[in-house]
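Remarks on the structure that follows.
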Amino acid sequence: MNKLYLLGLAASLALNTSFAGTYTPPAQGKDAFIDSLMSRMTLSEKIGQLRLISIGPEMTLAQIQNELAAGHIGATFNSVVPWDNRAMQDAALRSRLQIPMFFAYDVIHGQRTMFPISLGLAASWDVAAVARVGRVAGSEASADSLDMTYGPMVDIARDPRWGRTSEGFGEDTYLVSRMGEAMVHGFQGEDVSHADSIMSIVKHFALYGAVEGGRDYNVVDMSPQRMYNDYLPPYHAALKAGAGGVMVALNSINGVPATSNTWLMQDLLRKTWGFKGLTVSDHGAILELIKHGVAVDANDAARQAIKAGIDQSMNDQAYGVALPALIKAGKVPQGEVDSAVREVLSTKWDLGLFADPYRRIGKPENDPADINAENRLHREAARDVARRTLVLLKNANHVLPLKKQGTLAVIGPLGDSHTDMLGSWSAAGLPRQTVTLLDGIRTAVGDQAKVLYARGANITDDRNSIVFLNNIILDHTEVQPDPRTAQEMIDEALKVAASADVIIAAVGESRGMSHESASRTSLAIPNTQRQLITALRATGKPLVLVLMNGRPLSLERENQQADALLETWFAGTEGGNAIADVLFGDYNPSGKLPITFPRSVGQIPMYYNHPTIGRPVEPGKPGNYRSQYFDADTSPLYPFGYGLSYTQFSVSGVALSSTTLKGGGTLDASVMVSNTGTLAGETTVQLYLHDKTASMARPIKELKGFQKILLQPGEQRQVHFTVDENMLKFYNQQLQHVAEPGEFDVQIGLDSQDVQQASFNLL
Ligand code: BGC
């Protein structure tokens with residue numbers, strides 16, 4: 001649920017009273033301290049620790065004050081300014097045992113400085129850049145007095161109808177894992193207890209990205225092999241990278257909701273993975289067990305959730321209301337509550353809050369005079385990262401880069417939109433602080449060229465969609481349609497285009513279209529914008545489409561109409577400047593798709609690493625009784641890993657240090673990559689492996705490594721990958737993690753299709 005609307009409420013939360021007593025930090029070590037604290041806690045104080053309150057909808061201000069002082073709230077989320085949080089911490093310290101609270105928020109791709117949405121970040125294939133995003137976001141969030149973020153989201157997304165595709169890092173297990181780890185490292189910094197670190201809670205455990213039909217909150221039904229091989233590793237990777245907790249998913253898994261799923265939280269998470277840390281339900285998920293049809297009432301729901309292993313209950317009163325009686329009646333063992341309380345207290349310890357409850361809140365005299373001050377932003381980092389995330393999909397006749405001369409027409413509903421540039425889950429980012437495409441282009445050209453602008457079309461003319469979009473982000477101003485008719489807007493755009501040398505059309509989705517609960521049945525650019533594009537094409541002027549969207553779109557028609565296509569996702573605070581950098585060649589694009597772009601919605605699910613089948617379609621060899629669509633091309637429009645540059649790269653054949661690999665050994669696979677063009681540029685060299693014959697059908701290829709390299713014109717570099725047995729392992733029919741002897745293909749290239757290949761045998 002997007003909480004933008006809560007900021008205003010939070011601002012009025014400052015309490016009149018303040019903590020006037022003394023607080024003495026513990027003298028003991030962690031375990032001894034928690035043991036002794038728990039021995040002094042009443043049952044209601046223990047249950048209080050398990051209550052995670054959503055500020056605004058869940059409780060009134062007066063209730064929050066009283067409940068904190070009574071020791072009945074463990075933590076809150078959605079308040080983002082130090083003075084509000086200080087007042088709440090004061091109240092928590094007035095409680096009998098002076099247990100500090102913590103403050104959480106959804107910091108997904110930035111706190112005040114917004115970076116590109118996560119799907120865009122993944123398109124950078126740049127681990128250092130993503131870690132930088134986490135670090136900037138973590139330091140800004142902690143400076144806003146936050147202790148914890150509900151991020152990163154590492155749900156694998158292979159069905160772009162799902163609006164939350166935008167919040168994750170795409171379709172691939174390996175790439176999502178690396179990006180998730182980088183984000184965790186960034187958020188948590190060197191040590192999560194530091195004042196400028198925040199704890200990362202990875203979400204949504206588990207498999208949320210596989211909701212049927214891409215319809216949000218729908219069921220997930222999946223084979224154990226697919227779970228273990230494809231969908232679970234990113235959560236595990238984030239936890240191994242040190243994430244302090246997991247948020248449990250809203251969906252069911254093979255019939256059992258994640259929130260009441262003992263297998264998920266006890267067997268897999270705690271026992272098999274050995275995870276020690278916090279588990280938190282998603283928003284209202286415990287009571288939703290009734291709607292799922294597995295709990296009869298709130299008591300039953302709370303009983304099942306605590307038994308399964310949900311430590312903190314987010315935004316429902318289930319634990320607070322139900323647990324006292326359940327324990328009294330012996331329906332919930334005290335031990336289950338105690339373990340959950342221990343995790344919460346341990347989290348607070350790890351955050352450094354027992355040592356100093358005001359660690360991130362700071363002293364009143366150090367509060368920023370203006371919480372939205374420009375100097376609290378990290379614009380340089382935002383621009384540097386954003387331009388690395390842009391993916392050049394097409395560039396016919398080298399129409400790009402553009403020259404800073406003549407007359408440029410910026411057209412389209414996203415051309416001057418501040419709000420959309422932020423993307424969904426934009427935390428405390430402000431629309432007015434974002435650079436639009438029009439702003440960015442104007443700044444880039446200065447007085448060297450004339451820049452004209454026309455809106456050209458509304459995002460959509462579909463009334464139901466507009467109502468929907470203005471309701472999911474509750475300030476009701478997300479989509480403000482222009483009252484003119486579509487034709488009037490196109491006429492104005494054509495007039496502007498007539499006097500321009502080149503048209504730059506910013507088209508795609510509004511940010512709310514790629515959001516929680518925003519599932520679509522079509523991946524097309526909305527019709528009103530397609531009409532605009534067709535009219536612009538008819539002018540015969542060079543047409544550059546700047547795409548903004550939070551999911552793959554079906555772009556077959558636009559691919560034919562446009563001379564150039566630049567995928568820019570929702571690029572964040574510095575989006576307009578970053579896009580202008582690429583449009584004018586001040587930065588050579590290097591992004592690569594982290595997710596397959598299908599030709600049409602009918603091809604979904606479509607992902608590059610599907611398992612081998614008995615009757616594959618062979619490119620260029622049409623025939624009946626093949627796995628294909630007879631009414632359309634079966635291939636993707638743009639494959640996973642794809643993206644162009646303003647320079648050209650060539651890749652030599654694959655050299656292997658050996659054609660055999662012994663268990664426990666390694667081999668070196670390398671290619672020579674050359675920059676054969678005239679500009680310096682970065683590209684990502686990708687390593688894929690394919691197990692040719694195994695006890696189960698294995699993916700036709702799987703990403704197992706990548707390196708982003710910068711080459712000067714004419715420069716060549718041998719790029720090496722080390723292949724070891726671990727990279728060949730998979731979960732077999734018995735869910736054993738094994739590498740099976742036999743032949744493997746090694747493919748190295750610049751996208752998932754354009755590869756060089758060699759083979760070796762695992763002995
Ligand atoms: C979302 C979570 C988010 C939570 C708190 C829920 O609606 O599913 O991803 O962390 O709200 O805002």
Within the range 500-512, is there a residue that is among the hydroxyl-bearing types (S, T, Y), in contact with a helix residue (DSSP H, G or I) (Cβ under 7 Å, 6 or more places away or on another chain) and not in a helix (DSSP H, G or I)?
yes
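Residue-by-condition table, conditions (1) in contact with a Pro (Cβ under 6 Å, 6 or more places away or on another chain); (2) without any contact (Cβ under 8 Å) to a residue 40 or more places away in the chain; (3) under 30 Å from V80 (Cα atoms); (4) not hydrophobic (A, V, I, L, M, F, W, C):
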| position | (1), (2), (3), (4) |
| --- | --- |
| G440 | no, no, yes, yes |
| R463 | no, yes, no, yes |
| P481 | no, yes, no, yes |
| K495 | no, no, no, yes |
| Q529 | no, no, no, yes |
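Do you know which residues across the range 742-755 are surrounded by fewer than 15 Cβ atoms within 10 Å (Cβ to Cβ) and either within 16 Å of A694 (Cβ to Cβ) or in contact with a Leu (Cβ under 8 Å, 6 or more places away or on another chain) (or both)? Let's see the steps before the verdict.
As a first pass, look at the range 742-755 and keep what is surrounded by fewer than 15 Cβ atoms within 10 Å (Cβ to Cβ): 742-743, 754.
The answer is G742, E743.
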Count - residues of the range 303-316 that are more than 16 Å from the ligand (Cβ to nearest atom) and of a type in the set (S, T, N, Q):
1
How many of the residues making up the range 442-453 are outside any helix (DSSP H, G or I) and either without any contact (Cβ under 8 Å) to a residue 40 or more places away in the chain or not polar (S, T, N, Q) (or both)?
7
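This table checks each residue for (1) in the same structural domain as T173 (by TED's automatic domain parsing); (2) polar (S, T, N, Q); (3) within 15 Å of the ligand (Cβ to nearest atom).
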site	(1), (2), (3)
G213	yes, no, no
N218	yes, yes, yes
N229	yes, yes, no
V248	yes, no, yes
S260	yes, yes, no
T279	yes, yes, yes
A295	yes, no, no
A301	yes, no, no
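Scanning the range 134-183 for residues that are of a type in the set (K, R) and not in a helix (DSSP H, G or I), which turns out nearest to the ligand (Cβ to nearest atom)? Spell out how you get there, then give the answer.
Of the range 134-183, the ones of a type in the set (K, R) are 135, 158, 161, 164, 178.
Subset that is not in a helix (DSSP H, G or I): 158, 161.
Numbers: R158: 19, R161: 17 Å.
So, considering only residues that are of a type in the set (K, R) and not in a helix (DSSP H, G or I), the one nearest to the ligand (Cβ to nearest atom) is R161.
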Which one of A340, A322, A381 is surrounded by 17 or more Cβ atoms within 10 Å (Cβ to Cβ), part of a helix (DSSP H, G or I) and without any contact (Cβ under 8 Å) to a residue 60 or more places away in the chain?
A322
So if I check each of S657, S670, which one is touching a strand residue (DSSP E or B) at 6+ places or on another chain (Cβ under 7 Å), without any contact (Cβ under 8 Å) to a residue 24 or more places away in the chain, polar (S, T, N, Q) and farther than 30 Å from E556 by Cα?
S657
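So, in the range 662-678, exactly how many residues are part of a loop (DSSP other than H, G, I, E, B) and closer than 17 Å to V651 by Cα?
Residues flagged as part of a loop (DSSP other than H, G, I, E, B) and closer than 17 Å to V651 by Cα within the range 662-678 amount to 3.
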Across (1) within 17 Å of T434 (Cα to Cα); (2) within 16 Å of the ligand (Cβ to nearest atom); (3) not in a helix (DSSP H, G or I), P116 clears everything bar (2)
Going through the range 22-34 one residue at a time, which ones are closer than 13 Å to V344 by Cα and either of a type in the set (V, I, T) or more than 37 Å from the chain's Cα centre (by Cα) (or both)?
I34
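Going through the range 419-441 one residue at a time, which ones are in a loop (DSSP other than H, G, I, E, B), more than 16 Å from the ligand (Cβ to nearest atom) and surrounded by fewer than 24 Cβ atoms within 10 Å (Cβ to Cβ)? Give the derivation first.
The first filter runs over the range 419-441 and keeps only residues in a loop (DSSP other than H, G, I, E, B), leaving 423-430, 434-436.
Now narrow it down to the ones that are more than 16 Å from the ligand (Cβ to nearest atom): 430, 434-436.
Within the range 419-441, just L430 meets the criteria.
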By residue number, the members of the range 311-337 that are in contact with a strand residue (DSSP E or B) (Cβ under 6 Å, 6 or more places away or on another chain) and among the hydrophobic types (A, V, I, L, M, F, W, C) are M314
State whether the residues of the range 43-59 include one that is more than 16 Å from the ligand (Cβ to nearest atom), over 19 Å from Q317 (Cβ atoms) and modelled with pLDDT of 95 or more.
no
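For the range 166-186, indicate whether the set of residues that are of a type outside the set (A, V, I, L, M, F, W, C), modelled with pLDDT of 95 or more and closer than 17 Å to L351 by Cβ is non-empty. Give the steps one after another, and end with the answer.
From the range 166-186, those of a type outside the set (A, V, I, L, M, F, W, C) are 166-168, 170-174, 177-178, 180-181, 185-186; that's our starting set.
With modelled with pLDDT of 95 or more added as a condition, the list becomes 166-168, 170-174, 177-178, 180-181, 185-186.
Subsequent filtering for residues that are closer than 17 Å to L351 by Cβ retains 185-186.
Checking the range 166-186: at least one residue is of a type outside the set (A, V, I, L, M, F, W, C), modelled with pLDDT of 95 or more and closer than 17 Å to L351 by Cβ.
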Got at least one residue in the range 681-704 being surrounded by fewer than 18 Cβ atoms within 10 Å (Cβ to Cβ) and among the acidic types (D, E)?
no
List the helices (runs of 4 or more DSSP H) that sit entirely inside the range 526-623 and contain at least 2 residues that are surrounded by 24 or more Cβ atoms within 10 Å (Cβ to Cβ).
527-537, 575-583
Taking V341 and the conditions (1) touching a Lys or Arg at 6+ places or on another chain (Cβ under 6 Å); (2) within 16 Å of the ligand (Cβ to nearest atom), which numbered condition does it fall short on, given that it satisfies the others?
(2)
From the set of residues in the range 60-89 that are small (G, A, S) and part of a helix (DSSP H, G or I), which is nearest to the ligand (Cβ to nearest atom)?
A87
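Yes or no: A505 out of contact with any Gly (no Cβ under 9 Å at 6 or more places or on another chain) and among the small types (G, A, S)? Spell out the reasoning first.
On the way: out of contact with any Gly (no Cβ under 9 Å at 6 or more places or on another chain): no; among the small types (G, A, S): yes.
No, not satisfied.
The values are calculated or read from the model by the stated rules, or taken from the named source; none is laboratory data. In this text the structure is predicted, and so the values were computed from the model without any measurement. Note: ideal-geometry Cβ built from the backbone for every residue, glycine included; neighbour counts use all protein chains shown.
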